[in-house]
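Here the structure is laid out as structure tokens; the discussion comes afterwards.
The values are calculated or read from the model by the stated rules, or taken from the named source; none is laboratory data. Note that this is a predicted model, so its numbers are computed, not measured. Using ideal geometry, Cβ is built from the backbone for each residue, glycine included, and neighbour counts are taken over all protein chains shown.
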Amino acid sequence: METLPKTDLAGLKERIQSGKYVLFFTAGWCPDCAFIKPAMPEIEADFTDYTFITVDRDENIDLAAELGIMGIPSFVVYQDGQEIGRFVNKDRKTKEQVERFLTSL
């Protein structure tokens, strides 16, 4: 999984302007992020039509605020630069919940 360097909304939009992307907002101190992190390689393998990008919420705090990411772990999905779905809240997420969300798009 690729890691997004520190960027702003314009930089993100440029990066994701073509293709399908899942942004995984996380932070090193977040226990619920640590809970889902081991399942991410399996989720990524099950959804190969998406490019998965880890976004460190603390490093990209302004970007997270611009996107309305108030709780982590959170997932925001883009297709050709347009947001097509988000699974954003502060609750712990299971592999099954994330996969159900991605399947629903």
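Before moving on, here are some points about what is shown:
- Taken over segment 51-65, the criterion of being of a type in the set (Val, Ile, Thr) and either in contact (Cβ under 8 Å) with a residue 24 or more places away in the chain or surrounded by 18 or more Cβ atoms within 10 Å (Cβ to Cβ) (or both) is satisfied by 51, 53, 54, 55.
- For segment 1-50, taking the residues that are basic (Lys, Arg) and in a helix (DSSP H, G or I), the one that is surrounded by the most Cβ atoms within 10 Å (Cβ to Cβ) is identified as 15.
- Condition met for residue 92 (surrounded by fewer than 16 Cβ atoms within 10 Å (Cβ to Cβ), out of contact with any strand residue (DSSP E or B) (no Cβ under 8 Å at 6 or more places or on another chain) and touching a residue at least 60 places away in the same chain (Cβ under 8 Å)): yes
- When residues of segment 70-87 are limited to those that are surrounded by 15 or more Cβ atoms within 10 Å (Cβ to Cβ), in a strand (DSSP E or B) and not hydrophobic (A, V, I, L, M, F, W, C), the one nearest to the chain's Cα centre (by Cα): 74
- Of the residues making up segment 70-92, just one is among the charged types (D, E, K, R), closer than 24 Å to residue 31 by Cα and modelled with pLDDT of 95 or more, namely 86.
- Top-ranked residue of segment 51-69 - restricted to ones that are touching a strand residue (DSSP E or B) at 6+ places or on another chain (Cβ under 6 Å) and in a strand (DSSP E or B), ranked as nearest to residue 17 (Cα to Cα): 51
- Among the residues of segment 1-52, those that are of a type in the set (Val, Ile, Thr), closer than 16 Å to residue 69 by Cβ and touching a Phe, Trp or Tyr at 6+ places or on another chain (Cβ under 6 Å) comprise 16, 22.
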